[in-house]
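Below is one structure, written out as structure tokens; the observations come after it.
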Amino acid sequence: MRQGVDGLGLGEKLGSYPIAGVGGGLAQMARRVGVMLYVVIIVCLIAITPPAAFAKGAVMTAVVVVLFGLMLAWRRTSARFGLRRCYLYTDGLVVTNLFGGVQDAVAWSEVTELNRLSGASVFMTFHRVEIARHGLRPLAFLAPGVKPPLVEALLNQLAKNGIR
């Protein structure tokens, strides 16, 4: 049974944000490459017009629509069940794993610094956040998107707690 994130003694809950690991970043890249290949193949089907081009295009479109629907269903399910989320609190943060259990909890008093790396390309868009702590291994995760709300909220909380 999964452990809840409330009741860890980190104060008032400020927000819940989606995060990803390496697998999530690679899935984002694969999805974008797949859509790009789909567009190229559809253009080729229109330009070359092989036998049964309409049927081939319809099957490919159906596959892309189903994959897009599965992506939306995963987003909704992961948000509902708290899978791969970062919960910000007034006194710290909690990161959950792929099964919704607590992966790591960090109090702001333990944090020494925040390291960020941003990557934006046609295939991948993310912010890698690494939180360095006193005497413990750093906590690292990806915040997907060009300007994810998690990064802004995290920077605000760190500034309020005097961490650079």
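The values are calculated or read from the model by the stated rules, or taken from the named source; none is laboratory data. This is a predicted model, so every value here is computed, not measured. Positions of Cβ are generated from backbone atoms using ideal geometry, with glycine treated the same way; all protein chains shown enter the neighbour counts. Side chains are part of the model used for accessible areas, which takes the heavy atoms of the whole protein and leaves out ligands, DNA and RNA. Shrake-Rupley method; radii C 1.70, N 1.55, O 1.52, S 1.80 Å.
Which members of the stretch 27-48 meet the condition of being open to solvent by 90 Å² or more (accessible area, probe 1.4 Å) and over 20 Å from Val66 (Cβ atoms)?
Of everything in the stretch 27-48, those that are open to solvent by 90 Å² or more (accessible area, probe 1.4 Å) and over 20 Å from Val66 (Cβ atoms) turn out to be Ile46, Ile48.
Got a sec? Which of Gly25, Gly82 is on the phi > 0 side of the Ramachandran plot and of a type outside the set (Lys, Arg)?
Gly82
Within the stretch 36-58, which residues are in a helix (DSSP H, G or I) and farther than 25 Å from Phe123 by Cβ? Spell out the reasoning first.
Let us first name the residues in the stretch 36-58 that are in a helix (DSSP H, G or I), namely 36-48, 53-58.
Selection gives Ile48, Ala53, Phe54, Ala55, Lys56, Ala58.
Considering every residue within the stretch 52-66, establish whether at least one is of a type outside the set (Ser, Thr, Tyr) and within 30 Å of Asp104 (Cα to Cα).
no
For the stretch 115-136, give me each residue that is open to solvent by 30 Å² or more (accessible area, probe 1.4 Å) and in contact (Cβ under 8 Å) with a residue 40 or more places away in the chain.
Val122, Phe123, Met124, Phe126
A quick yes/no check of all residues on (1) open to solvent by less than 30 Å² (accessible area, probe 1.4 Å); (2) modelled with pLDDT of 90 or more; (3) assigned to a helix (DSSP H, G or I):
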{"site": "Val65", "(1), (2), (3)": "no, yes, yes"}
{"site": "Phe68", "(1), (2), (3)": "no, yes, yes"}
{"site": "Ala73", "(1), (2), (3)": "no, yes, yes"}
{"site": "Ala79", "(1), (2), (3)": "no, no, yes"}
{"site": "Cys86", "(1), (2), (3)": "yes, yes, no"}
{"site": "Leu98", "(1), (2), (3)": "no, no, no"}
{"site": "Val106", "(1), (2), (3)": "yes, yes, no"}
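Residues checked against (1) part of a strand (DSSP E or B); (2) touching a Pro at 6+ places or on another chain (Cβ under 7 Å); (3) aromatic (Phe, Trp, Tyr); (4) closer than 18 Å to Gly92 by Cβ:
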position	(1), (2), (3), (4)
Phe123	no, no, yes, no
Ala132	yes, yes, no, yes
Lys147	no, no, no, no
Leu150	no, no, no, yes
Leu154	no, no, no, yes
Gln157	no, no, no, yes
